[in-house]
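The values are calculated or read from the model by the stated rules, or taken from the named source; none is laboratory data. Predicted model only: the values in this text are computed from it and were never measured. Here the Cβ positions follow ideal geometry from the backbone for every residue, glycine too, while neighbour counts run over all protein chains shown. Please note that ligands, DNA and RNA were not included when accessible areas were found on the heavy atoms of the full protein model with its side chains. Shrake-Rupley method; radii C 1.70, N 1.55, O 1.52, S 1.80 Å.
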Amino acid sequence: MTLDIYHPLRPVRNKDADGLFGLIERCFAEYDGVFVERDGLDADLKMYATFLENIAGEGYVIDDKDQIVALVSCAPLDERRYQLKRLYLDRSLRGKGLSQKMLALVEARAVAAGAASLELWSDTRFKRAHRFYEREGFVRQQQTRDLNDISNTTEYQFIKPLPFG
């Protein structure tokens, strides 16, 4: 699967764990007090392909010189709702339209599955991501959730209605 000729997507594999942790650690380093929990909240990344398979989800990565530089994953929540699980791009890829293409892939999967909405949760500190999601048609909900993790994370919920859902 290819987003464009320069950035081919491939399915995530369990052996990608170190690369996934590295990507997310680089992204989190842009924020004060946000940390990856390899043995806690983020332990699913150790065997991410298996994790996604067990929830009927799917995930894709972009490699660049043996380093994972992008990740997108999704899964159904129920018959009418889909969830964007993770969307991370290395700083070097931002501003090139890849986020939109990766999100479009997830939206297409959700619509094909008959979902009426696409949902996600995002750390309240990730303001740049929130602007992106809102530009792409997501609406921030009043509901928040606390993850009780080492980063003291509170997340906003975002929901996007899907066509023909």
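Quick one: would you say L103 is assigned to a helix (DSSP H, G or I), modelled with pLDDT of 95 or more, within 12 Å of the chain's Cα centre (by Cα) and not β-branched (V, I, T)?
On the way: assigned to a helix (DSSP H, G or I): yes; modelled with pLDDT of 95 or more: yes; within 12 Å of the chain's Cα centre (by Cα): yes; not β-branched (V, I, T): yes.
Spelling it out, L103 is indeed assigned to a helix (DSSP H, G or I), modelled with pLDDT of 95 or more, within 12 Å of the chain's Cα centre (by Cα) and not β-branched (V, I, T).
Applying the selection to region 131-165, what residues are part of a helix (DSSP H, G or I), open to solvent by less than 70 Å² (accessible area, probe 1.4 Å) and either of a type outside the set (A, V, I, L, M, F, W, C) or over 21 Å from R94 (Cβ atoms) (or both)? Reasoning before the result, please.
Of region 131-165, the ones part of a helix (DSSP H, G or I) are 131-135.
Subset that is open to solvent by less than 70 Å² (accessible area, probe 1.4 Å): 132-133.
Passing the criteria: only Y133.
Can you spot a residue in region 89-98 that is within 18 Å of L9 (Cβ to Cβ), outside any helix (DSSP H, G or I) and at pLDDT 95 or above?
Yes, there is a match, as at least one residue in region 89-98 is within 18 Å of L9 (Cβ to Cβ), outside any helix (DSSP H, G or I) and at pLDDT 95 or above.
Out of the residues in region 46-63 that are among the acidic types (D, E) and touching a residue at least 24 places away in the same chain (Cβ under 8 Å), state the one that is least open to solvent (accessible area, probe 1.4 Å).
Among residues in region 46-63 that are among the acidic types (D, E) and touching a residue at least 24 places away in the same chain (Cβ under 8 Å), the one least open to solvent (accessible area, probe 1.4 Å) is E58.
Taking the condition of being closer than 17 Å to S122 by Cα and of a type in the set (S, T, N, Q), how many residues in region 52-105 meet it?
The total comes to 4.
How many residues does region 57-94 hold that are over 12 Å from the mean Cα position of the chain (by Cα) and more than 17 Å from S117 (Cβ to Cβ)?
13
Starting from region 23-45, keep only residues that are closer than 15 Å to N148 by Cα and open to solvent by 40 Å² or more (accessible area, probe 1.4 Å), then list their pairs with residues that are charged (D, E, K, R) and outside any helix (DSSP H, G or I) whose Cβ atoms are within a distance under 7 Å, requiring at least 6 positions of separation or different chains.
L41/D149
Which of the residues that make up region 110-130 are among the hydrophobic types (A, V, I, L, M, F, W, C) and outside any helix (DSSP H, G or I)?
A113, A115, A116, L118, L120, W121, F126
Among (1) more than 26 Å from E136 (Cα to Cα); (2) of a type in the set (A, V, I, L, M); (3) in a helix (DSSP H, G or I), there is one condition I24 misses while meeting the rest; what is its number?
I24 satisfies all of (1) more than 26 Å from E136 (Cα to Cα); (2) of a type in the set (A, V, I, L, M); (3) in a helix (DSSP H, G or I) except (1).
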